[in-house]
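Input: a single structure, listed below in C-alpha cells.
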Amino acid sequence: MQQLLILSGKGGTGKTTIASAFIKLSNAQAYADCDVDAPNLHLITGQSFEPRKTDYYGLPKAGISAQLCIGCDQCRQNCRFDAISLDQVYKVDPFACEGCGVCEAVCPVDAISLKPAVAGELMLYANGGKIFSTAQLKMGCGTSGMLVTEVKKQMKSAANNVHLAIIDGSPGIGCPVIASLSGVDMVLIVAEPSISGISDMERIIKTAAKFGTKTAICINKFDTSPANTEKIELFCKSQGLPFAGKIPFDSDAVKAINNGLTIVDIECKSGAAVKGVYDKVMGLLNK
Amino acid sequence: MKIAVLSGKGGTGKTLVSVNLAAEAKKSIYIDCDVEEPNGYLFFKPEDIQEEKITVKIPKVDDKLCTGCRKCADFCKFNALAYIKEKLLVFEEVCHSCGGCITLCPEKALTEKEKVIGKVQKGTSDQVIVYTGILNTGEASGIPIIKKLLAEGKLESDKPIFIDCPPGSACIVMESIKDADYCILVAEPTLFGVHNLNMVYELVKLFNKPFGVVLNKCLNGENPAEKFCSEKGIKILNRIPFDHMLGMLNANAEIAVRANEKYRGIFSSLLETVTKEVQRATTINS
Amino acid sequence: MKIAIPVDDRSLKSNVCVSFGRAPYFLIYDIGTKESIFLDNGAAASTGGAGIKAAQTIADSKVNALLAPRCGENAAGVLGAADIKIYKTINTSVKENIADFIAGKLSLLDEIHAGFHGHGGN
C-alpha cells in the first residue's frame, strides 16, 4: 500500500481541503485523519454508518481514596505539577496530573493509585468498502503523537489489498507530525504564502528529509501574496524540491466545504488548480 | 483585565486579534503563550529585550554512592533512566522532572541540576509591553514557561493584558486561560471552523470563563458559525470581513491598526465591546 | 555469542518488526547452542522513552549484537554504553537475517534517527 501524506505546518492553510480533493480524485479506498486534536476530514467525506469505536488510553492518572486518606499532605507537597489540592478532601486535577507516580509512592497508607485514563477515542469507518480511520483526542490530553500512530495502524490493518492511502496529517511541526511522517511513501507540503507559513514549511521539509521521505510542495491561496509565492517557488528550485503547483484563493471553495463537498465536486477555480497539483503529485509518487 | 484569545485550530486569527487589540489599547501588555510557535514578536518587533532562561530540574547521579539497586529506573514512568555497565544513564529530554527518583533513592545518590528548556523575553513596542515565551525544540512541555509568562504579567496589573493562546484545547491552552477574566474565541465561518469552535467552547465552559466569539474572514453567504452561536446563545463580539489587504498585512507581519487607519475601527469597537463584557462579567461575579 | 532481534510474533518463522522500541517481542538467539528465547517488550505500550526501556531489556539479556531495521538515538545511546553493536537487517525474514549475520553479510546500522520523542513510530 502506498501512503501519501498531506502536511502544512501552520494551521488553516488548506490541508484538509486539498486532502479531501485528492481522496475524491484518486477514489482512494483508504484514508486517515491524523489531526487528532481537531479532526475535520469526516465533515466532508460523508460517512453513512456508525464507526467502530475504541477507547484510547494515554497517561495513567492518580486517584486518592478519601476513606484511606489520613491528611498527612505528603502527596500535595511532593507533586511537582500542582495537581493535588485540598478542598475538604484531597483531590487530583486530572488535567494537571502527569502520571508520574510520586504521590502513590510517598503516600504512607496506600491511599493513592494510578489508574489508566481514557485520553481519546479511535474511530474506524468501513462503509462501501472504503476504510476511513480517524480519532478524537480528549480535551486537555497531551499524548497526541501516539494516538496519531494508532490511527495509521488502524487504517493499515483494516485496509487489505488497497493500492493507495491518503493521510490528512497533523498541523504544526511537533511530535504528532513526526508520528504522521513515519512510514509514508511521499509527503505533499501545503504552504501558505506568509512569513510564518514559509518558516513552518522550511521546518517540515527538514524533518521529512531526516526520514528520507519523497517531498513535494504546493502553495494554497497563492494570490494572497504573489511576492511570498515567488519566494517559495525560488526556494524549491534552489533546494531541488519538486514544486507541484499553486492554487488560488477561492470563495467558492468555502461554499463547497460548508456544504460538505470537496472542491472537485463543484466547478470552481481552486478545483481546477488542485487537479493539476494532483496529477503532478501522482506522477512523482509513481516514478 | 486579562483577556485570553483562543481558537480550536491554527490559522483562524488569534494572533491577528490579540496583537491588534493590544496595539489599539495603546498602553497594554501582550503575552504570547504559543511557546512552540510564537508569532506575536514578528508583528511587534519589540525593542530593549530582556531575557530570562527557564529551567526544570533533572536528576544527577553520584556514581560513588550508587549501588545499582535500580529502584529509580524501575520507578520512572517515563523510562528516563537506564542502568548499564554499572552506571546510571539519565535521558534528559524524556525526563518529566517529577523528582520521584531523587525521593526514592535509598542511598541519596541522586540530586538535582537545572536544565534550560526555553526562555521568556520582555520587550516594548511603542507603549505595549511584549512578553514572548519560547520553548526549545525537542522539549516536552511548555507549561513552566507559560507559568512564568503569566506570573510576569500579573506584576503589571494596571494595564489590560492580552494573552495569545496556543491553538487547540490541550494542557498548555488550559494553563494559558487559567487566570483570564474573559475569553475571546476566534472562529472561521466555515464548516471546519464551527467544528473547532465547539472544542474551545467546551473548554471555556469547563473552566467557567465568560466568553464571546469573534468571526474572522467572513464572506457573504450562509455562515455555519452564526447558526452555531445563535443555537447556543453565544454572543458574537465582532465580525471581521475577509479582506485581501488585511490578509496581506498579516502575511507580511504588519500590525493592521498601525499600518492603516481604516482597520482601527474594527479593533477599537471590538476593544470597547470586550471591555464592557468584562465589566459586566465581573459585576455578576462579585 | 548471543544476538537480539525485534519480532512480531514469538516464533522463528516471524517477521522482523519494523520498530525496535515498540516491537511486541524480542528474540534472543544463541548462535552457539541455537537456542531461542522470546521476551515480552514492556516498552511497547509506554507513552515515552520506549527505546530506552527496550534497550535496557536487551542489555540485561547480555547479547553482543542487535539486528534491527532502524534504531532511535536514545536506544542507540543505551546500546552503545553497553557495547552492543547494531546491525541493519536486510529483509523481514528472521531466519534469513540470522544466517546472513553469521555469514558476515550484514553491515552496521549507521543512520540513527532522531527518535519519536515519546510518541511511538511505526
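The values are calculated or read from the model by the stated rules, or taken from the named source; none is laboratory data. Because the structure is predicted, anything quoted here is derived from the model rather than measured. Methodologically, a virtual Cβ is constructed for each residue, glycine included, from the backbone with ideal geometry; neighbour enumeration extends over all protein chains shown.
For this structure, a couple of remarks:
- Boolean, C:G48 is at negative phi, within 14 Å of another protein chain (Cβ to nearest Cβ) and touching a residue at least 24 places away in the same chain (Cβ under 8 Å): yes
- Residue among A:L86, A:L122, A:L59 that alone is within 30 Å of B:P59 (Cβ to Cβ), of a type in the set (A, V, I, L, M) and under 34 Å from the mean Cα position of the chain (by Cα): A:L59
- Some residue of the stretch A:121-135 being within 11 Å of another protein chain (Cβ to nearest Cβ) and buried (at least 21 other Cβ atoms within 10 Å of the Cβ): no
- Selection within the stretch B:172-210 - surrounded by fewer than 18 Cβ atoms within 10 Å (Cβ to Cβ) and free of Cβ contacts under 8 Å to residues at least 60 places away in the same chain: B:K178, B:E202, B:K205, B:L206, B:F207, B:N208
- Within the stretch B:249-272, if we keep just the residues that are crowded, with 18+ Cβ neighbours inside 10 Å and within 8 Å of chain A (Cβ to nearest Cβ), the residue that is farthest from B:T190 (Cα to Cα) turns out to be B:A253.
- Annotation: of all residues in the stretch B:91-113 being in a strand (DSSP E or B) and within 14 Å of chain A (Cβ to nearest Cβ), the one that is farthest from B:D62 (Cα to Cα) is B:E112.
- Any hit, the stretch B:42-58, residues being over 22 Å from the mean Cα position of the chain (by Cα), surrounded by fewer than 24 Cβ atoms within 10 Å (Cβ to Cβ), more than 11 Å from chain A (Cβ to nearest Cβ) and within 30 Å of C:G21 (Cβ to Cβ): yes
- Test result for B:L270, part of a helix (DSSP H, G or I) and more than 24 Å from B:I177 (Cβ to Cβ): no
- Those strands (runs of 3 or more DSSP E) lying entirely in the stretch A:112-174 with at least 1 residues at pLDDT below 85 and not assigned by TED's automatic domain parsing to the domain that holds A:I64: A:118-127
- Failed condition for B:G118, given (1) over 14 Å from B:T55 (Cβ atoms); (2) modelled with pLDDT under 95: (1)
- Residues of the stretch A:95-113 classified as facing chain B (nearest Cβ under 8 Å) and either closer than 19 Å to A:G58 by Cβ or out of contact with any Gly (no Cβ under 8 Å at 6 or more places or on another chain) (or both), total: 8
- Flag if B:E139 is more than 12 Å from B:P38 (Cβ to Cβ) and not assigned by TED's automatic domain parsing to the domain that holds B:V278: no
- Selection of first residues in the stretch A:137-155 that are within 7 Å of another protein chain (Cβ to nearest Cβ) and of second residues that are among the aromatic types (F, W, Y) and surrounded by fewer than 23 Cβ atoms within 10 Å (Cβ to Cβ), restricted to Cβ pairs under 8 Å at least 6 apart or on distinct chains, gives the following pairs, ordered by first then second residue: A:G140/A:F95.
- If you filter the stretch B:153-174 down to residues that are of a type in the set (D, E, K, R) and at pLDDT below 90, you find that the one that is nearest to the chain's Cα centre (by Cα) is B:K154.
- Only residues that are touching a helix residue (DSSP H, G or I) at 6+ places or on another chain (Cβ under 8 Å) and either of a type in the set (V, I, T) or surrounded by fewer than 22 Cβ atoms within 10 Å (Cβ to Cβ) (or both) were counted across the stretch B:14-27, and they come to 3.
- Residue selected from the stretch B:179-196 under the condition more than 10 Å from chain A (Cβ to nearest Cβ) and not acidic (D, E), by the criterion farthest from the chain's Cα centre (by Cα): B:A187
Okay, residues lined up against (1) more than 14 Å from chain B (Cβ to nearest Cβ); (2) crowded, with 24+ Cβ neighbours inside 10 Å; (3) in contact (Cβ under 8 Å) with a residue 60 or more places away in the chain:
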position	(1), (2), (3)
A:H163	yes, no, yes
A:P171	no, yes, yes
A:D185	yes, no, yes
A:L188	yes, yes, yes
A:A191	no, yes, yes
A:I198	no, no, no
A:M201	no, yes, yes
A:K206	no, no, no
A:F211	yes, no, no
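- Among the residues making up the stretch A:95-119, a single one is within 20 Å of A:V36 (Cβ to Cβ) and without any contact (Cβ under 8 Å) to a residue 40 or more places away in the chain: A:E98.
- Look at the stretch C:80-96: where a residue is among the β-branched types (V, I, T) and a partner is in a loop (DSSP other than H, G, I, E, B) and surrounded by 15 or more Cβ atoms within 10 Å (Cβ to Cβ), sitting 6+ places away or on another chain with Cβ atoms under 6 Å, you get C:I86/C:C71; C:I86/C:L109; C:T89/C:P69; C:V94/C:L12; C:V94/C:S14.
- Subset of the stretch B:127-165 [of a type in the set (G, A, S) and assigned to a loop (DSSP other than H, G, I, E, B)]: B:G138, B:A140, B:S141, B:G142, B:S157
- Subset of the stretch B:65-89 [more than 10 Å from chain C (Cβ to nearest Cβ) and in contact (Cβ under 8 Å) with a residue 24 or more places away in the chain]: B:L65, B:C66, B:T67, B:C69, B:K71, B:C72, B:F75, B:L88
- Every residue from the stretch A:35-57 that is under 11 Å from A:E121 (Cα atoms) and of a type in the set (S, T, Y): A:T54, A:Y56, A:Y57
- Among the conditions (1) of a type in the set (V, I, T); (2) surrounded by 17 or more Cβ atoms within 10 Å (Cβ to Cβ); (3) outside any helix (DSSP H, G or I), the only one that A:T54 does not satisfy is (2).
- Summed over the stretch A:79-94, the residues that are surrounded by 18 or more Cβ atoms within 10 Å (Cβ to Cβ), in a loop (DSSP other than H, G, I, E, B) and more than 9 Å from chain B (Cβ to nearest Cβ) give a count of 1.
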